[in-house]
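The values are calculated or read from the model by the stated rules, or taken from the named source; none is laboratory data. Everything numeric here is computed off the predicted structure, so don't read it as measured data. When we count neighbours, we look across all protein chains shown, and the Cβ atoms used for this are built from the backbone with ideal geometry, even at glycine. Accessible surface areas use protein heavy atoms only, side chains included; no ligands, DNA or RNA. Shrake-Rupley method; radii C 1.70, N 1.55, O 1.52, S 1.80 Å.
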Amino acid sequence: YHGLRDCAVELYLASGVSVLLAFETKTERERVLSLLPRNVPCHTDASFVRDAYEGWRVGKISNFDYLLALNSAAGRTFHDLSRYPVFPWVVADYTSEELDLNNPDTFRDLTKPVGALNEERLQYFMTRYKSMEGDMDHAFLYGTHYSAPGYVLYYLVRSMPEQMLCLQNGKFDSPDRMFHDLDHTYSSVLINHADVKELIAEFYDPQAGYDFLINARGLRLGSTQTGERVHDVKMPKWAKSPRDFLEKNRRALECDAVTAMLPRWIDLIFGDKSRGQGAKDALNLFHPTAYTSSADFDALKTEEERTQSELQA
């Protein structure tokens, strides 16, 4: 299944689970949709988004559930690595002994994309962008994206090793590049010129478990250049355990300071600052492949081009 092709439908069952059905063509998908009862709500309808917003505005829907609803409305699903739900980095402190949710410095600035959080690195991106002025239709600030199959599997390698091995041609990534330390990972998205990735929903869902943070399968993930074995993910000092980390991270997501800033981040990912002039003004402009539509995808001539487009979109 290619997530860039507009030929699938996700059905949410009464039991709470969902199933993604991918068809050969959009016509086949529409034919199946026509068989469904007309009163079945559709997550991509504007009315669904309005209802979700109203529920969130009056406090009936948590920040977590609101973000899940928006991801679903945008066509993102847990069944597709190329369109996996995206969640923001919220906490910016991974070194303190205690997580102080009353301290503004605890939180990442949600009004900015990850690429603009570090002013020094942003200047590098801006200089490179200005050097592309002769070809402004293809100019960009960030050459990598905030969400991609490789980034999802970076986080989930311990719970989904088979998928990582498929992506990496039968091998795990270099130990130094693997997800092994939360502080190290957050530092990377602040200073690495090729790293502007956001998080995934699993970081805020204690009920879903913490398998992705522990090496329960005993995978041989190697050792870093400093000799540190890559095993369980190293937690910040303020987390007593992986479960404690998830619970505190969720608390941070739901606190008032984040709720106040969340609409600004939503604009960057799903709203008027996600593409076009709004993205340029918000310093949120990605490589042109990040904006590939289903029509653009169908127009690609070779399978290699389609594969690259899938991996980068």
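In segment 36-164, with Lys and Arg counted as +1 and Asp and Glu as -1 at Cβ, which of these residues, 134, 91, 72, has the Cα nearest the positive end of the dipole, that is, farthest along it?
The residue sitting most towards the positive pole is 72.
Less than 11 Å Cβ to Cβ from residue 65, Lys/Arg counted +1 and Asp/Glu -1: what total charge do the surrounding residues give?
Computed value for this residue: -1.
Using helices alone, I'd like the mean residue ellipticity at 222 nm for the chain: each DSSP H run of four-plus residues gives -39500 (n - 2.57), total over residue count, nearest 500.
Result for the chain: -11000 deg cm²/dmol, rounded to the nearest 500.
Any idea what the relative contact order of the chain is, in percent, if you count C-alpha pairs under 8 Å spaced at least 6 apart? Don't skip to the end; give the middle numbers.
On the way: 419 pairs, mean separation 68.4, N = 313.
That works out to 22 percent.
Relative to the Cα centre, what is the charge dipole magnitude of segment 58-193, using +1 at the beta carbon of each Lys and Arg, -1 at the beta carbon of each Asp and Glu, and rounding to the nearest 20 debye?
Charge dipole of segment 58-193: 540 debye, to the nearest 20.
Roughly how many debye, to the nearest 20, is the charge dipole of segment 178-260 about its Cα centre, given +1 on each Lys and Arg Cβ, -1 on each Asp and Glu Cβ, and no other charges?
Numbers: 11 positive and 13 negative charges, 63 e Å.
Using Cβ point charges on Lys, Arg, Asp and Glu, segment 178-260 gives about 300 debye.
Give me the three principal axis extents of the chain from the C-alpha atoms, as integers in angstrom, largest value leading.
Largest to smallest, the principal-axis extents are 55, 50, 41 Å.
Return a whole-number percent for the relative contact order of segment 192-288, with Cα pairs under 8 Å and 6 or more residues apart as the contact set.
20 percent
To the nearest 20 debye, what is the magnitude of the charge dipole of the chain about its Cα centre, counting +1 on the Cβ of each Lys and Arg and -1 on the Cβ of each Asp and Glu?
Around 320 debye, computed over the chain.
Just by accessible area at a 1.4 angstrom probe, what is the order of 76, 50, 128, 264 from largest to smallest?
Ranked from most to least accessible, the order is 50, 264, 128, 76.
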